[in-house]
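Visitor: Just dropping this structure here.
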Amino acid sequence: MARRVTVYEVGPRDGLQNEAKVVATGDKLALLAALARAGLPRIEATSFVSPRWIPQLADAADVVAALPAVPGVTYGALVPNAKGLERLEDALRRAGPGHPPVTAAVFLSASETHNRKNLDRTIAQTLAELEALVPALRGHGLEVRGYVSTVWGCPYEGAVDPARAAGIVDRLLALGCEQVSLGDTIGVGNPDQTRRILDLLLRRARPEQLALHMHDTRGAALANVLAGLEAGIRTFDAAIGGLGGCPYAPGASGNLATEDLVYMLDGMGFETGVRWKELVAAGALAERLVGRRLPGKALQAELARAGG
Ligand code: HMG
Ligand code: MG
């Protein structure tokens, strides 16, 4: 098994978009700097979606204009449409030449109802928009990641046939997405299901073209990561401290916590390049910024050990 794994940090975007508290721009930049110092090679910093839909990330342009430059770190931002691309381009112009590398990410769902709730479009309409958007992003020199949500299950429709995700992955790769991240958006998956999904998808994509994006709502995220590792996947998304969760669903947790993922990978001898002490410091900072204890288990164990 190849021993190198990419931990793709999504806390500043997927985490903060779900927090009830809006974190100030300067504090977001401090968190990004702490994550970069921890050696995370990929950090999704923000999202150029409608600020009416996600007010927590309304300052996306200010964040991208001031991203901390750290060698080896590439940042990411969600871009849902042409308006999002225009805003990202403006922000990069403000950042000036020599800004840190930034990639774009587009997203849609494997289930129709979730896609409509999230993007106000059918899947077919979204794919039609992406036919223009992905080449436009690439035309601006941006690497593009694709996300497919609700691959393991949909909050509105329940079970989702993996063939639906497969069809979308085919389209995204054909459009030129470097990698497609498969989302267990509501954390309902189990390892058997993960094996079945990857068995189907790895017939059409190389392992490095796929990533797993597990939410840890029901505690099975790491088990699903292990199934992914065994199938050859080497990129996993995670959020510092397990940030996120729905403010309107008490007890619901966010993404797999970065510390939990890194702790397991380190113990298994995988190389991530992530520095543990600095990662825990970033987790402690994230807690201070959102003003609550975060659910990441390895973070809490480490803070308890340190008497924090
Ligand atoms: P819409 O209302 O259909 O947009 O929303 P529209 O095209 O009809 O435009 C309406 C107004 O919004 C216009 O302004 C546009 O200019 C403006 P007006 O003329 O009325 O003044 N507008 C924008 N403003 C700023 N930035 C933009 C933008 N686009 C339009 N980019 C839209 C369509 C896609 C914008 C909306 O549905 C949206 O923002 N959705 C995003 C929802 C979201 O961010 N969800 C979370 C991210 S996905 C996720 O978390 C899943 C993932 O983590 C993987 C997983 O877990 O599965 C990735
Ligand atoms: Mg997500």
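The values are calculated or read from the model by the stated rules, or taken from the named source; none is laboratory data. Nothing here was measured: the structure is a model prediction, and the numbers come from that model. Cβ coordinates were reconstructed from backbone atoms using ideal geometry, including for glycine residues, and neighbour counts include every protein chain displayed. We work out accessible area using only protein heavy atoms, side chains counted, and drop any ligands, DNA or RNA first. Shrake-Rupley method; radii C 1.70, N 1.55, O 1.52, S 1.80 Å.
Visitor: Skip the ligands, DNA and RNA, and give the accessible area per residue of segment 6-307 with a 1.4 Å probe, whole Å².
Guide: Spelled out: the 1.4 Å probe surface of segment 6-307, per residue, equals 40 Å².
Visitor: Find out how many positive minus negative residues lie around A136, taking Lys and Arg as positive, Asp and Glu as negative, among other residues whose Cβ is under 11 Å from that of A136.
Guide: For residues surrounding A136, the net value is -3.
Visitor: Obtain the nm distance between the two label points defined at L200 and R275 by a simple spin-label model: each point lies 7 Å from its Cα along the Cα-to-C-beta direction.
Guide: It is 4.3 nm.
Visitor: At a threshold of 8 angstrom on Cα-Cα distance, excluding pairs fewer than six apart, so keeping six or more, what relative contact order does segment 164-308 reach in percent?
Guide: About 19 percent, as a whole number.
Visitor: In whole percent, and with a 1.4 Å probe on the protein chains, what portion of the accessible area of segment 30-116 is carbon and sulfur?
Guide: The computed percentage sits at 56.
Visitor: What is the Å³ per residue value for the convex hull set by the Cα atoms of segment 1-79?
Guide: 100
Visitor: From Cα pairs below 8 angstrom and at least 6 apart in sequence, can you work out the relative contact order of segment 6-307, rounded to a whole percent?
Guide: Computed value for segment 6-307: 19 percent relative contact order.
Visitor: Given the -39500 (n - 2.57) contribution per DSSP H run of 4+ residues, what per-residue ellipticity at 222 nm results for the chain, rounded to the nearest 500 deg cm²/dmol?
Guide: Mean residue ellipticity, 222 nm, calculated: -13000 deg cm²/dmol.
Visitor: Another one. Treating the beta-carbon of each Lys and Arg as +1 and of each Asp and Glu as -1, no other charges, what is the dipole magnitude of the chain about its Cα centre, to the nearest 20 debye?
Guide: 180
Visitor: Convex hull over the alpha-carbon atoms of the chain: what's its volume per residue in Å³?
Guide: Dividing the Cα hull volume of the chain by its residue count gives 117 Å³.
Visitor: Give me the extension gain from K21 to E89: residue separation times 0.36 nm, minus the current Cα-Cα distance, reported in nm with one decimal.
Guide: So the chain would gain 21.7 nm between K21 and E89.
Visitor: Between T6 and R116, what is 0.36 nm times their sequence separation minus the Cα-Cα distance? Round to one decimal in nm.
Guide: Here the segment from T6 to R116 would lengthen by 36.5 nm.
Visitor: Right, something else. Out of all DSSP beta bridges in the chain, what portion is antiparallel? Express it as a percent rounded to 5.
Guide: Around 5 percent antiparallel, to the nearest 5.
Visitor: Sum up the charges of everything whose Cβ sits under 12 Å from the Cβ of A227, counting Lys and Arg as +1 and Asp and Glu as -1, but leave A227 out.
Guide: -2
Visitor: OK, next. From the P(r) of segment 93-217, could you give the percentage of C-alpha pairs in the tail past 24 Å?
Guide: When all Cα pairs of segment 93-217 are counted, 28 percent exceed 24 Å.
Visitor: Taking amide H positions as placed 1.01 Å from N in the peptide plane, with prolines and chain starts having none, which residues 5 or more places from A211, or on another chain, fall under 5 Å of its amide H?
Guide: V180, S181, L182
Visitor: Aspartates and glutamates within cross-link reach of K21: Cα-Cα under 15 Å, excluding same-chain residues under 8 positions apart?
Guide: Qualifying aspartates and glutamates at Cα under 15 Å: D59, E287.
Visitor: Also, I was wondering about something else. Give the cross-link partners of K297 among the lysines, using a straight C-alpha distance below 16 Å as the criterion and excluding same-chain residues fewer than 8 apart.
Guide: Hits, sequence-local ones excluded: K277.
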